[in-house]
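First the structure, in the form of structure tokens, and then the observations on it.
The values are calculated or read from the model by the stated rules, or taken from the named source; none is laboratory data. This is a predicted model, so every value here is computed, not measured. Here the Cβ positions follow ideal geometry from the backbone for every residue, glycine too, while neighbour counts run over all protein chains shown. All accessible areas refer to the heavy atoms of the entire protein, side chains included, with ligands and DNA or RNA removed. Shrake-Rupley method; radii C 1.70, N 1.55, O 1.52, S 1.80 Å.
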4 protein chains.
Amino acid sequence: MASNAFGLFFRYTSWGESHGQAVGVVVDGCPAGIPLDEKMLNEALARRAPGRNYFTSPRREEDQGRLLSGVFEGRTTGTPISILITNRDARSSAYELIAPLLRPGHANFTYLAKYGYFDHQGGGRASARETTARVAAGVVARQFASETGSRVLAYLGELGTSQATPVEDPETAAAYALQSPVHAPDVSSEAAFMEELRLVMEEKDSTGGVAHFHILNTPVGLGDPVYEKFHARLAYALMSIPASKGFEIGAGFAAAAGRGSRLNDSFGLREGVVVPAGNNAGGVLGGITTGETVYGRVAFKPTSSIGLPQNTLDLQGKPATFQLPEGSRHDPCVAVRAVPVVEAMCWLVLADALLMQKAVASQNSRPVAALPFAGDGL
Amino acid sequence: MASNAFGLFFRYTSWGESHGQAVGVVVDGCPAGIPLDEKMLNEALARRAPGRNYFTSPRREEDQGRLLSGVFEGRTTGTPISILITNRDARSSAYELIAPLLRPGHANFTYLAKYGYFDHQGGGRASARETTARVAAGVVARQFASETGSRVLAYLGELGTSQATPVEDPETAAAYALQSPVHAPDVSSEAAFMEELRLVMEEKDSTGGVAHFHILNTPVGLGDPVYEKFHARLAYALMSIPASKGFEIGAGFAAAAGRGSRLNDSFGLREGVVVPAGNNAGGVLGGITTGETVYGRVAFKPTSSIGLPQNTLDLQGKPATFQLPEGSRHDPCVAVRAVPVVEAMCWLVLADALLMQKAVASQNSRPVAALPFAGDGL
Amino acid sequence: MASNAFGLFFRYTSWGESHGQAVGVVVDGCPAGIPLDEKMLNEALARRAPGRNYFTSPRREEDQGRLLSGVFEGRTTGTPISILITNRDARSSAYELIAPLLRPGHANFTYLAKYGYFDHQGGGRASARETTARVAAGVVARQFASETGSRVLAYLGELGTSQATPVEDPETAAAYALQSPVHAPDVSSEAAFMEELRLVMEEKDSTGGVAHFHILNTPVGLGDPVYEKFHARLAYALMSIPASKGFEIGAGFAAAAGRGSRLNDSFGLREGVVVPAGNNAGGVLGGITTGETVYGRVAFKPTSSIGLPQNTLDLQGKPATFQLPEGSRHDPCVAVRAVPVVEAMCWLVLADALLMQKAVASQNSRPVAALPFAGDGL
Amino acid sequence: MASNAFGLFFRYTSWGESHGQAVGVVVDGCPAGIPLDEKMLNEALARRAPGRNYFTSPRREEDQGRLLSGVFEGRTTGTPISILITNRDARSSAYELIAPLLRPGHANFTYLAKYGYFDHQGGGRASARETTARVAAGVVARQFASETGSRVLAYLGELGTSQATPVEDPETAAAYALQSPVHAPDVSSEAAFMEELRLVMEEKDSTGGVAHFHILNTPVGLGDPVYEKFHARLAYALMSIPASKGFEIGAGFAAAAGRGSRLNDSFGLREGVVVPAGNNAGGVLGGITTGETVYGRVAFKPTSSIGLPQNTLDLQGKPATFQLPEGSRHDPCVAVRAVPVVEAMCWLVLADALLMQKAVASQNSRPVAALPFAGDGL
């Protein structure tokens, strides 16, 4: 069944296996006239790419995206944008020894049940390599959606048992994370994360983490009520990232233990415009953006691949020990490299919601960009 | 934009406003031959209905569902199933006094921005009354999906600051919750929840809660990899319920702080069939069901409507105090009545995934119901 | 599988069987603020309704539509519009005698093969009664789409072997058809059609016909290239009407025999705006509307139900004679009553395309309503 | 808006401009285990490719398809299949002289109105070059759908004013057409078509044609009633091919002038199985396949590009003469090269319907392949 696409209006289809020739994406629905070139793609891909430092999988991929269609003289033309990223370091032979064993925490058990074949080449479509396509599509979405002034920021807020220092200013935090090898929001959190990662690696184990995201300057009015709520689509998108196990928006799970009198955001004026005076809601009311920052968290489980031996079964159902070969390529914490993927998915949901809103807005609607009714009655 | 429907194959469209004549749903895609009658509908609707006890909104609705099409002699015919529920106690006059104020925590601010009009009749489509349609559609989904032996169970695991006693057996817990006025999983949790609710009501305040759900006997192989992951669609569905702020599957957010060596579920044999030997995964690997129980949690914020006065603005942007009229109808904790809605959405996601799987299953696939490869090689 | 809905943005779901309690439709995606009331619905339904005159099925249906949601004080609110039409004259007993025979030209053979049951109650969803829902939805579409100034006109251009006098002015023709019992475009065609219909009825036979449609004042720029071409969606919509066997746009099949030099429409100026100087194209170039009238034809086969005895098989495969009971209700020519359904589907395709265009239009686009580039260079 | 994809379950997305680097397609939803290789692709692409003979555009394209994903050891894996075809002979400079003129019959007028820019590079996405992607996707569909025994055949039945000799046996006709430079069904029709084409070319003009298609051995039960009728989706697909102006199924427009007594197909037995005894219906009843051959016709207008000078306007609205430069590349009759595209779209609709049917088929359904109820009662 066709299930490798995301988005209703700004829709992309991702293709390619971890150990095939290439991965890629076709973005269908991006408006014309948006600046886009391969340099932008490659900067974003580099951030997600493995092999950059001590803390990520040593797989070496240049991850150079080629723009094959939909762009003319540096601008989108409104036609589908095809992006191709060649796989260079696809060593499927590394997986052959471990082929006939069920891998704890991995999807090869469920793929076998669903499709009747056993992929031993590094995960196929279940591999995090598929997220390369998401990052590439996310660049296109960013180029379009950022024209409204919106910005998506993300960083790693928790890594294993380490929590980052509470972030005051998401912009500073995200700027720091952009160049941090562990996408930490500041220098002391980075040190703590790296210390925990070193420990995890020494133990030949893995750990998880929690990505924090902020969507700034979101236009008011995005998202449709009932089933296409802005945060429902965000949850859908973010929970499709490999290894994600939890999602929350605004005050999230903590809201459940609070009181309405404290959590209800009041209203106030900002430059003559009515705005929420607090943001426990996380930028959405009734599934529609309020214009305040949309923020939330996404939890990632520990990387399934670990260096330690694990009990499992072989395909005949006989007990076996699964151990990755020495020098196998994997990340001690997938949440680190998930950060740019979280950003990409936020951009993609935002771009889709922006186009959706265009189709909704009637002449009776107020401009999406601002709610100008203060002072002039209604 | 058309956005009042959910599901790809087992798809329903919900309609109706809180204070209009009726609410309803059309279920499109339910296979033929499934037992369905109005009695089943009404039992389920009764559970969600307001006015049943001290702890829910005193709005009185009989919530009798009428089956208008798609059923012949007690069985579905494969054609669309139209269900209509008349609104009886729609007192929109009760809202007139509070009309010209922005209500903290409510969607009337965002609806005004998006659509350019101000609904003062009790929430319109943003009202929890819309969830009546979900519960009705959920009955149809249950009738279909339970034929595979699957069961959906839910209860309230947390209410405000009170946590239920950890549940050993979801079946017992859900059976208790079915008749508990606060959908608590056992008698002592019920007492604690009621005590906190009484306190909240005395304070004219509101609180939130966390619904726990369990999908038992899920066939292995449901969900499509990449974007239609089983738990991504669950998140999408559950985060569309009014007031939901967080979702997690399996070990959830706690998984982020753990280690792979402990959280990876190993494999074992059960009656000669290979199965996961643990279930930190929450019944999904790579987005595809493992055959183990799918379980998770959904957080709900406190009810936005509270008895206490709240600072806000009027539509001219002037400071005002918003206070519900004495005797206004609202729930002190919407999470209580959300429990049957959570169940309904789980059934709907499950029914959709079952039909989706039919289109996927090729002759190369193993039967979805069991993974019979143990002992016979591959 | 969910397949009872049409439209991407302006989407409706139809429900109800020919001989059940009611038929209905939910229109999802209609913008807010559009005038709509039950009187409009009922005028349109009356036109399609049976039992109006000698030439249509004597089934008596008042076909009163009830507006259950989505409208407040005579205007749409942007929420789903639910319309219910009760079946009053559903005499399924009339069909009992003929139950165990395959009916030539009818869908009960294919329904039996597809669903495994044999509907002997007058066609179920395959019945033309389903088109009541289309007409109701079409009224909503008309109310929205006519705000752009567009108009949909239709009449019967051919009935059996009789061809209407070539139409000079579609408006006059459609106005005449509106009150003609056979939807003929003028008095002499009406006489010819009625004469042929009388002959057909005397022979206890049936015949077909060709509906002509014209969409006037279509904005330029509707339809998306490649797969969502305006006329491809029209063909999709119109070929879904029961008994339709052919579709053409503009010069249609005749174009195949022509020469490019004659059929290519040149360009000219009209009130300073560039427009096509001819309209062999039928108002579309590359699948996008040119602003000229979109026109075409839809062919309908003869009514399958006839008074003459027909050879067939019973459900045991034994030869049998199928003969409708004396006084059975059917139309001698379904094309007659298809005319308002053709109109409805044209409005629905147009409404959908208008919303689609909103999502497409970028700041680089020229206004859809007119192409103002003449004289000012580019 | 995302509009470059077709199909619900077996879905493909096409990308690439006529004069860009490459065109391509991603097929999402093809089941696993289907034989597929580049040789198959290239044979099909060669048939559609230009530059093969005197009667087609002299543009030289090797049209070698590269399979980038979704295939392992010669079989599909169930993951998206990405196919890339490099453009080699993309001479956009040839178009520069004619850039500032509106081209009669072409889509550059409507593209300008819709998107606000004027593509002078040979048609972009409106170019017939996009159909390369359809043919490539059609090969994948064929590989899957032909496993049921189905076959799609097509040939040119009419070219300009020349009609082919009526075809007795579609298989022989299609086999002849496969190697005929004008896709004629037999030697004498081929001679007539070629004679007319020569005349057209001498006159520096163009003409149209009508493709006939036959889908043999279609399983009974495909297509969903109401809106996803098999022939409604065929019409949708076929009317999306550039230059198509008409579609009919079975007896088509001629049926409108007939009588029910003659056109209703009776039923009979074939090898103990109940089947329609005639096929005026064209293999569908109520939108569901009967198991008989699905057949119909698609009309194509004359090629818009002609050698003769044509009156038009420039972009300032000033009268101008449009004349293609000497040696410009175009086909005298696009219908010729449309034949393999018609075949491809039929395969794609069939593949989609086969997957759709899997999701529909319940345990109550009879097997799709045969209707075995003869003799055994019901």
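Taking every residue in region C:282-295 that is surrounded by 24 or more Cβ atoms within 10 Å (Cβ to Cβ) and pairing it with any residue that is among the small types (Gly, Ala, Ser) and in a strand (DSSP E or B), at least 6 positions away or on another chain, the pairs with Cβ-Cβ distances below 8 Å are C:282/C:296.
Just a yes or no: is a residue in region D:331-352 outside any helix (DSSP H, G or I), modelled with pLDDT of 70 or more and facing another protein chain (nearest Cβ under 10 Å)? Among the residues of region D:331-352, at least one is outside any helix (DSSP H, G or I), modelled with pLDDT of 70 or more and facing another protein chain (nearest Cβ under 10 Å), which makes the answer yes. Of all residue pairs spaced 6 or more apart or on separate chains, those with beta-carbon atoms under 9 Å, a first member in region C:18-43 that is in contact (Cβ under 8 Å) with a residue 60 or more places away in the chain and a second member that is open to solvent by less than 40 Å² (accessible area, probe 1.4 Å) and basic (Lys, Arg) are C:18/C:125; C:18/C:129; C:19/C:129; C:23/C:129; C:25/C:134.
Which one is modelled with the lowest pLDDT among residues in region D:1-23 that are touching a helix residue (DSSP H, G or I) at 6+ places or on another chain (Cβ under 6 Å) and not aliphatic (A, V, I, L, M)? Only one residue tops the list, namely D:19. Scanning region C:303-322 for residues that are touching a strand residue (DSSP E or B) at 6+ places or on another chain (Cβ under 7 Å), assigned to a loop (DSSP other than H, G, I, E, B) and either more than 10 Å from chain D (Cβ to nearest Cβ) or more than 23 Å from residue C:242 (Cα to Cα) (or both) yields a single hit, C:317. Set side by side, the residues A:296, A:287, A:282 differ, and just one is within 10 Å of chain B (Cβ to nearest Cβ), under 29 Å from residue B:256 (Cβ atoms), modelled with pLDDT of 90 or more and out of contact with any strand residue (DSSP E or B) (no Cβ under 9 Å at 6 or more places or on another chain), which is A:287. The set of residues in region B:254-264 being in contact with a helix residue (DSSP H, G or I) (Cβ under 9 Å, 6 or more places away or on another chain) and open to solvent by less than 30 Å² (accessible area, probe 1.4 Å) consists of B:255, B:256, B:260, B:263.
The set of residues in region D:159-172 that are buried (at least 23 other Cβ atoms within 10 Å of the Cβ) and under 18 Å from the mean Cα position of the chain (by Cα) contains only D:159.
Restricting attention to region C:176-194, does a residue exist that is over 30 Å from residue D:220 (Cβ atoms), aromatic (Phe, Trp, Tyr) and within 14 Å of chain D (Cβ to nearest Cβ)? Yes, region C:176-194 contains a residue that is over 30 Å from residue D:220 (Cβ atoms), aromatic (Phe, Trp, Tyr) and within 14 Å of chain D (Cβ to nearest Cβ). For region D:206-219, residues that are open to solvent by 10 Å² or more (accessible area, probe 1.4 Å) and facing chain C (nearest Cβ under 10 Å) total 1. The condition (being buried (at least 20 other Cβ atoms within 10 Å of the Cβ), in a helix (DSSP H, G or I), under 17 Å from the mean Cα position of the chain (by Cα) and not hydroxyl-bearing (Ser, Thr, Tyr)) is satisfied by just one residue among C:182, C:200, C:152, C:140: C:140.
For residue B:190, the test of being more than 30 Å from residue A:130 (Cα to Cα) and either among the hydrophobic types (A, V, I, L, M, F, W, C) or open to solvent by less than 40 Å² (accessible area, probe 1.4 Å) (or both) is passed.
When you go through C:270, C:297 one by one, which is the residue that is of a type outside the set (Gly, Ala, Ser) and in contact with an Asp or Glu (Cβ under 6 Å, 6 or more places away or on another chain)? The conditions single out C:297.
Whenever a residue of region D:141-167 is under 16 Å from residue D:34 (Cα atoms) and in contact (Cβ under 8 Å) with a residue 40 or more places away in the chain, its partners that are among the polar types (S, T, N, Q) and open to solvent by less than 10 Å² (accessible area, probe 1.4 Å), lying with C-beta atoms within less than 7 angstrom and at least six residues away or across chains, give the pairs D:150/D:218.
Selection within region D:10-35: residues that are aromatic (Phe, Trp, Tyr) and not in a loop (DSSP other than H, G, I, E, B). The member of this set that is farthest from the other protein chains (Cβ to nearest Cβ) is D:12.
Looking only at residues of region A:60-77 that are in a loop (DSSP other than H, G, I, E, B) and open to solvent by 20 Å² or more (accessible area, probe 1.4 Å), we find that the one that is modelled with the highest pLDDT is A:74. When the test is whether a residue is assigned to a helix (DSSP H, G or I), touching a residue at least 40 places away in the same chain (Cβ under 8 Å) and open to solvent by 30 Å² or more (accessible area, probe 1.4 Å), residue B:130 does not pass it. I'm trying to understand the selection: among the residues of region B:82-98, which are at pLDDT below 80 and open to solvent by less than 20 Å² (accessible area, probe 1.4 Å)? Within region B:82-98, B:98 is the sole residue that qualifies. Applying the set (1) touching a strand residue (DSSP E or B) at 6+ places or on another chain (Cβ under 6 Å); (2) free of Cβ contacts under 8 Å to residues at least 12 places away in the same chain; (3) more than 11 Å from chain A (Cβ to nearest Cβ) to residue B:256 leaves exactly one unmet item: (3).
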